[in-house]
Amino acid sequence: MQNIVFSTDISEALDNVLTVKSFNRIFVIVDENTRRLALPLVNSGHVEHAHVITIGAGEVNKNLNTLTHVWIELGTNGATRHSLIINIGGGVVTDLGGFAATTFKRGLPFVNCPTTLLAAVDAAVGGKTGINFAGMKNEIGCFAKASDVIISTGFFSTLPIEEFKSGYAEMLKHAMLSDTAAFHALLDIDFNRISGEWLLTQLKTSVKVKADIVQRDPHEQGLRQALNLGHTVGHAFESLALQRGKPVPHGYAIAWGLVVETILSRLLRQFDSNHMQRLATFVRENYGIFNITCDDYAELLHFMHHDKKSMNGEINCTLLNSCGNVNTGNTIDPSDMKAALDIYRDLMHI
Ligand code: NAD
């Protein structure tokens, strides 16, 4: 079982976790931004004497060269199987740091301290680690859980609003997989006025949704597909944006994807129409719109047919009967997808 701690005081929480562990040396992995913005917030005696390994920030650095750099730093600074790694950063640091820890000398224990909202609700929890390789995202990696994940809202104040909203889209997804009350609670947010206490409460609910699903399906045999909600269409939007030379943040694509897959849930599973409309309005007002015309449908469907989660080249989506009542593994007829994209354009006022 992964120990997940929620706290407004990261230093105290980390000290509490580390006090009961035995290790000969601590290594901290950060990226160039979290070294500057997040590490100084960690006033733990344990971390003071740690060897800090810094990697480049961003997805472009989640690669074999960076991994090699981390392995070399561990090796030349005396890491052994009795050492401990603490990853302080977003999903790039927790994915790559977790993989480095798991592969070095056949595996060192590691603790994740996520500093982005996305890493807190998604990447740092659940035990998927890895790097991008040969142009493929997360091509090399393994399932390996951090022994502890320490989630502290204290890190998020320096997070650009775009990054915050990106993570929030995954929270929306978790709420929709959970229940209607959780879904409505998240739609009440005012991004200009977020209380740390309120956010910590929502994070507890959100992380529990993912942790429960992962616990029941640790190696993605079936149930974990529920977490794909919004992602089949979201990935297609992301790919189209990339093709247009105007990339969009991952979470924004997921927010738009959630709208389309909620419309599909309305068309095919009688999902509540008011909830569908409320989500669409929330996304339009807070994430803007992803502009498409019917001339884009063929390309979007092509991306969906080739999604890595697609089976036998069919379009596959997670659908909802209602919030919390989830259907995985639905094959979607292209004509239904086109109908949903038509309604998406209406609801987004395109
Ligand atoms: P990221 O780690 O690249 O962080 C985004 C940016 O924010 C970076 O520039 C980073 O330096 C900066 N940053 C981090 N914390 C900050 C802070 N507190 N203040 C200011 N800036 C800060 O990306 P991400 O969005 O956190 O995560 C995306 C990655 O996570 C992808 O590689 C994705 O594949 C992976 N991921 C993994 C899983 C999983 O289950 N393992 C799930 C979802 C996503």
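The values are calculated or read from the model by the stated rules, or taken from the named source; none is laboratory data. Quick caveat: nothing in here was measured; it's all calculated off a predicted structure. Positions of Cβ are generated from backbone atoms using ideal geometry, with glycine treated the same way; all protein chains shown enter the neighbour counts. Heavy atoms of the whole protein, side chains included, go into the accessibility calculation; ligands, DNA and RNA do not. Shrake-Rupley method; radii C 1.70, N 1.55, O 1.52, S 1.80 Å.
Remarks
- Within region 129-144, the residues that satisfy the criterion of being open to solvent by less than 80 Å² (accessible area, probe 1.4 Å) and either within 10 Å of the ligand (Cβ to nearest atom) or within 17 Å of the chain's Cα centre (by Cα) (or both) are 129, 130, 131, 132, 138, 141, 142, 144.
- Note on region 117-128: residues that are within 8 Å of the chain's Cα centre (by Cα), within 7 Å of the ligand (Cβ to nearest atom) and open to solvent by less than 10 Å² (accessible area, probe 1.4 Å) total 1.
- Taking the listed residues 114, 160, the one that is without any contact (Cβ under 8 Å) to a residue 24 or more places away in the chain, within 13 Å of residue 90 (Cβ to Cβ) and within 11 Å of the ligand (Cβ to nearest atom) is 160, with no other qualifying.
- Selection count, region 288-310, where residues are among the aromatic types (Phe, Trp, Tyr) and in contact with a strand residue (DSSP E or B) (Cβ under 8 Å, 6 or more places away or on another chain): 0
- Search result, residues across region 31-66 that are more than 15 Å from residue 159 (Cβ to Cβ) and of a type in the set (Val, Ile, Thr): 42, 47, 52, 53, 54, 55, 60, 66
- Among the conditions (1) open to solvent by less than 10 Å² (accessible area, probe 1.4 Å); (2) at positive phi, residue 220 misses just one, which is (1).
- Residue among 263, 292 that is more than 21 Å from the chain's Cα centre (by Cα) and closer than 15 Å to residue 319 by Cβ: 263
- Qualifying residues in region 240-265 (those that are touching a residue at least 12 places away in the same chain (Cβ under 8 Å) and open to solvent by 40 Å² or more (accessible area, probe 1.4 Å)) - the one nearest to residue 161 (Cα to Cα): 250
- Breaking point among (1) within 12 Å of the ligand (Cβ to nearest atom); (2) of a type in the set (Ser, Thr, Tyr); (3) open to solvent by 20 Å² or more (accessible area, probe 1.4 Å), for residue 205: (1)
- Unique match (being within 14 Å of the ligand (Cβ to nearest atom) and more than 24 Å from residue 1 (Cα to Cα)) among 41, 64: 41
- The residue that is nearest to the ligand (Cβ to nearest atom), counting only those in region 166-190 that are charged (D, E, K, R) and touching a Gly at 6+ places or on another chain (Cβ under 6 Å), is 173.
- Exclusive hit being in a helix (DSSP H, G or I), open to solvent by 10 Å² or more (accessible area, probe 1.4 Å) and within 16 Å of the ligand (Cβ to nearest atom), set 275, 302, 235: 235
- Qualifying residue in region 130-140 (condition: touching a Pro at 6+ places or on another chain (Cβ under 8 Å) and either β-branched (Val, Ile, Thr) or on the phi > 0 side of the Ramachandran plot (or both)): no
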